[in-house]
Amino acid sequence: MKIDLSYYGAIAARHAMNSTPLNPQNNSLSGKEIHGVRNGEAYKLTISEELVEFQKESMADFLASDINVQKADPSDIFSYRPQDQWLVFSQYLHESDYFASFSNEEIASIESVLQHITDGLDSLVENQGINFFGGVKTQLNSYEAHLELASSTSALQFFSHNFLSGDIKNGFDQLITEYVKHNTDKVSNHQSIEEKFYTARSKINPLNAPLSFEQARHLSMTNKLGRTTYSDKEVESIINSYSEMFKGIESKNDLSYVLLKAQEELIQFVTRGISSKDIDYKSAKDFIVEQSNDTFNRLTDYWNMLLEEK
């Protein structure tokens, strides 16, 4: 498969093929904001009917200027669209004629699921280029990225197992393998700015400054988290553990149980450097729950979408 820089959704591609005007209400990208960097300048665009009606050549030229496209690795198809990896899966399904019998509304529903599944890992991009979806507004911590890699991969496998068959499924499964490789590299080196700050601060002798009780407790707790380190094997192990859990999801009851179990393992993993008898242990657990809340909500949402489509 070769990436098509002019492709930005199956509905738009369908209308372009039929040379018919595209109704923005049926376009999953209509009204979305595109954030990016072009020629060194940051910008934000809202997709309007005019942008939707770009000629194919104009859109391809526009997307070719994306910093991520310019730095893409030809052997890594997802490097061309690291902030919208769902478009790679959507393009494959479109080119395989999977969408041929679906209505625009059905296509929009499927693409919405794919968007949400890749959204967490789409946010782990250093070069802030063109971004069609971008639902994640806060930077993921490393432990959230570990969870997202396992969950999104399992969700894509669930989609493939339940909705695809034959050659289309085989090709989609190969794309999942490439998706895992691309994102494993990103996740293995990822730390949020906040995590880097806590790590750096934990190495500095504390200043003799007056702190409230709450400030002192937070400082003590985050310093202990900042001093906690994990080997590559430990990170690989926790991701594999999450993956095994998500593979067991077949119903909403399964989902609730798996997410609860995953949260328990995540908390145990992140706080491993703090004894359960430590005065800061409970505060650390509560802190990690709060920090990862958005990620668990996102996982809940896209797994529910998948289970409803099943």
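The values are calculated or read from the model by the stated rules, or taken from the named source; none is laboratory data. If you're wondering where the values come from, they're calculated on a predicted model, not measured in any experiment. Positions of Cβ are generated from backbone atoms using ideal geometry, with glycine treated the same way; all protein chains shown enter the neighbour counts. Each accessible area value is taken on the protein alone, full model and side chains, heavy atoms only, with ligands, DNA and RNA left out. Shrake-Rupley method; radii C 1.70, N 1.55, O 1.52, S 1.80 Å.
Here is how the numbers come out for the structure above:
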quantity: Helices (runs of 4 or more DSSP H) contained in the range 50-101 and holding at least 3 residues crowded, with 18+ Cβ neighbours inside 10 Å and at pLDDT below 75; calculated: 56-64
quantity: Scan of the range 223-248 for residues that are without any contact (Cβ under 8 Å) to a residue 12 or more places away in the chain and touching an Asp or Glu at 6+ places or on another chain (Cβ under 9 Å), ordered by number; calculated: Gly248
quantity: Filtered residues of the range 195-215 (kept if under 25 Å from Gln139 (Cα atoms) and not polar (S, T, N, Q)); calculated: Glu195, Lys196, Phe197, Tyr198, Ala200, Arg201, Lys203, Ile204, Glu214
quantity: Residue in the range 246-266 that is polar (S, T, N, Q) and more than 21 Å from the chain's Cα centre (by Cα) present; calculated: yes
quantity: Members of the range 266-310 found to be part of a helix (DSSP H, G or I) and among the charged types (D, E, K, R), listed by number; calculated: Lys282, Lys285, Asp286, Glu290, Asp294, Arg298, Asp301, Glu308, Glu309
quantity: Qualifying positions in the range 242-265 - surrounded by 15 or more Cβ atoms within 10 Å (Cβ to Cβ), hydrophobic (A, V, I, L, M, F, W, C) and part of a helix (DSSP H, G or I); calculated: Met245, Phe246, Leu255, Val258, Leu259, Ala262
quantity: Helices (runs of 4 or more DSSP H) enclosed by the range 111-220 - at least 1 residues per element that are under 20 Å from Asp280 (Cβ atoms); calculated: 142-163, 193-201
quantity: Tally of residues being buried (at least 18 other Cβ atoms within 10 Å of the Cβ) and within 21 Å of Gly120 (Cβ to Cβ) across the range 277-304; calculated: 10
quantity: Contacts under 6 angstrom Cβ, first residue in the range 171-191 being farther than 16 Å from Ser151 by Cα, partner open to solvent by 40 Å² or more (accessible area, probe 1.4 Å) and assigned to a helix (DSSP H, G or I), 6 or more apart; calculated: none
quantity: From the options Gly40, Gly31, residue that is modelled with pLDDT under 85, open to solvent by 10 Å² or more (accessible area, probe 1.4 Å) and farther than 28 Å from Tyr302 by Cα; calculated: Gly40
quantity: Filter result (in contact with a Gly (Cβ under 7 Å, 6 or more places away or on another chain) and open to solvent by 50 Å² or more (accessible area, probe 1.4 Å)) within the range 183-225; calculated: Arg201
quantity: Residue match in the range 277-291 (condition: farther than 22 Å from Gly226 by Cα, without any contact (Cβ under 8 Å) to a residue 24 or more places away in the chain and not aromatic (Phe, Trp, Tyr)); calculated: no
quantity: Selected residue [under 14 Å from the mean Cα position of the chain (by Cα), at pLDDT 95 or above, closer than 19 Å to Thr295 by Cα and open to solvent by 10 Å² or more (accessible area, probe 1.4 Å)] from Val180, Val125; calculated: Val180
